[in-house]
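Enquirer: There's a structure below that I have some questions on.
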Amino acid sequence: MTALKDLAQVIRSKNSGPFEITFDVMFASAERYRQVERSRVLTRELVARIYGVTDEDIVAFLFFEPALAFKFTLRRGWAQGSIDERDTFGAQQHAPLMDIDIPQAT
């Protein structure tokens with residue numbers, strides 16, 4: 001097993017408007033991209049579980065081969081800039097993705 005952070009070149013989260021956060025996992029090589037995609041570890045169910053959301057809160061979920069990237073967008077549980085805002089730019093929400101274990105390519 002290899003942690004996603006060791007396969008990806010970039011793992012990030014960012015605003016996607018005041019009510020959504022987008023997550024990007026980008027790879028430097030097609031080989032690593034395909035290893036992660038073929039593993040079928042990154043699922044809507046996994047994202048819902050690690051972020052404590054429902055499937056309906058997952059606005060977008062896709063592997064995008066032309067960019068060698070995996071991307072998903074979640075509805076925010078709070079409005080950007082609202083009272084008790086935890087991360088106004090959405091830039092600190094990607095951490096749970098980093099340690100997801102991906103099996104070795106076969």
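Enquirer: Please name all residue pairs, on different chains or six or more residues apart, with Cβ atoms under 9 Å, provided the first residue is in the stretch 25-54 and is without any contact (Cβ under 8 Å) to a residue 12 or more places away in the chain and over 10 Å from residue 102 (Cα atoms) and the second residue is among the hydroxyl-bearing types (Ser, Thr, Tyr) and exposed (fewer than 15 other Cβ atoms within 10 Å of the Cβ).
Expert: Qualifying pairs under 9 Å: 48/54.
Enquirer: A further question follows. Mind checking whether some residue in the stretch 42-49 is in a loop (DSSP other than H, G, I, E, B), on the phi < 0 side of the Ramachandran plot, under 12 Å from the mean Cα position of the chain (by Cα) and among the β-branched types (Val, Ile, Thr)? Before the answer, list the steps.
Expert: If we filter the stretch 42-49 for residues that are in a loop (DSSP other than H, G, I, E, B), which is where we start, we get 42-43.
Checking which are on the phi < 0 side of the Ramachandran plot leaves us with 42-43.
Still in the running and under 12 Å from the mean Cα position of the chain (by Cα): 42-43.
Now restrict to residues that are among the β-branched types (Val, Ile, Thr): 43.
Looking through the stretch 42-49, at least one residue is in a loop (DSSP other than H, G, I, E, B), on the phi < 0 side of the Ramachandran plot, under 12 Å from the mean Cα position of the chain (by Cα) and among the β-branched types (Val, Ile, Thr).
Enquirer: From (1) loosely packed, with under 12 Cβ neighbours inside 10 Å; (2) closer than 16 Å to residue 15 by Cβ; (3) not charged (D, E, K, R), pick out the condition that doesn't hold for residue 93.
Expert: Here residue 93 clears every test but (1).
Enquirer: Inside the stretch 50-85, can you point out the residues that are among the aromatic types (Phe, Trp, Tyr) and either touching a strand residue (DSSP E or B) at 6+ places or on another chain (Cβ under 8 Å) or not in a loop (DSSP other than H, G, I, E, B) (or both)?
Expert: From the stretch 50-85, those among the aromatic types (Phe, Trp, Tyr) are 51, 61, 63-64, 70, 72, 78; that's our starting set.
Hits for the stretch 50-85 are 51, 61, 63, 64, 70, 72.
Enquirer: Just checking, does the stretch 34-44 include any residue being modelled with pLDDT of 95 or more, closer than 14 Å to residue 94 by Cα and surrounded by 13 or more Cβ atoms within 10 Å (Cβ to Cβ)?
Expert: First, the residues of the stretch 34-44 that are modelled with pLDDT of 95 or more: 34-44.
Subset that is closer than 14 Å to residue 94 by Cα: 42.
With surrounded by 13 or more Cβ atoms within 10 Å (Cβ to Cβ) added as a condition, the list becomes 42.
Checked against the condition, which is being modelled with pLDDT of 95 or more, closer than 14 Å to residue 94 by Cα and surrounded by 13 or more Cβ atoms within 10 Å (Cβ to Cβ), the stretch 34-44 yields at least one hit.
Enquirer: Would you confirm whether or not the stretch 54-71 contains a residue that is modelled with pLDDT under 95 and more than 25 Å from residue 2 (Cβ to Cβ)?
Expert: No, there is no match, as no residue in the stretch 54-71 is modelled with pLDDT under 95 and more than 25 Å from residue 2 (Cβ to Cβ).
Enquirer: Identify, by number, the condition in (1) under 14 Å from residue 96 (Cβ atoms); (2) in contact with a Phe, Trp or Tyr (Cβ under 9 Å, 6 or more places away or on another chain); (3) in a helix (DSSP H, G or I) that residue 5 doesn't meet.
Expert: (2)
Enquirer: Looking at (1) at positive phi; (2) exposed (fewer than 15 other Cβ atoms within 10 Å of the Cβ), which is the one condition that is false for residue 68?
Expert: (2)
Enquirer: I need the full set of residues from the stretch 54-65 which are within 13 Å of the chain's Cα centre (by Cα) and surrounded by 14 or more Cβ atoms within 10 Å (Cβ to Cβ), in order please.
Expert: In the first step, residues of the stretch 54-65 are kept if they are within 13 Å of the chain's Cα centre (by Cα); the result is 58-64.
58, 59, 61, 63 - these are the residues of the stretch 54-65 that are within 13 Å of the chain's Cα centre (by Cα) and surrounded by 14 or more Cβ atoms within 10 Å (Cβ to Cβ).
Enquirer: If only one of 23, 27 is farther than 17 Å from residue 93 by Cβ, surrounded by 12 or more Cβ atoms within 10 Å (Cβ to Cβ) and either among the aliphatic types (A, V, I, L, M) or at pLDDT 95 or above (or both), which one is it? Give the derivation first.
Expert: Details: 23 fails: farther than 17 Å from residue 93 by Cβ.
On inspection, the qualifying residue turns out to be 27.
The values are calculated or read from the model by the stated rules, or taken from the named source; none is laboratory data. Keep in mind that what you see is a predicted model, and the values were worked out from it rather than measured. Every residue, glycine as well, gets a Cβ built from its backbone with ideal geometry; the counts of neighbours run over all protein chains shown.
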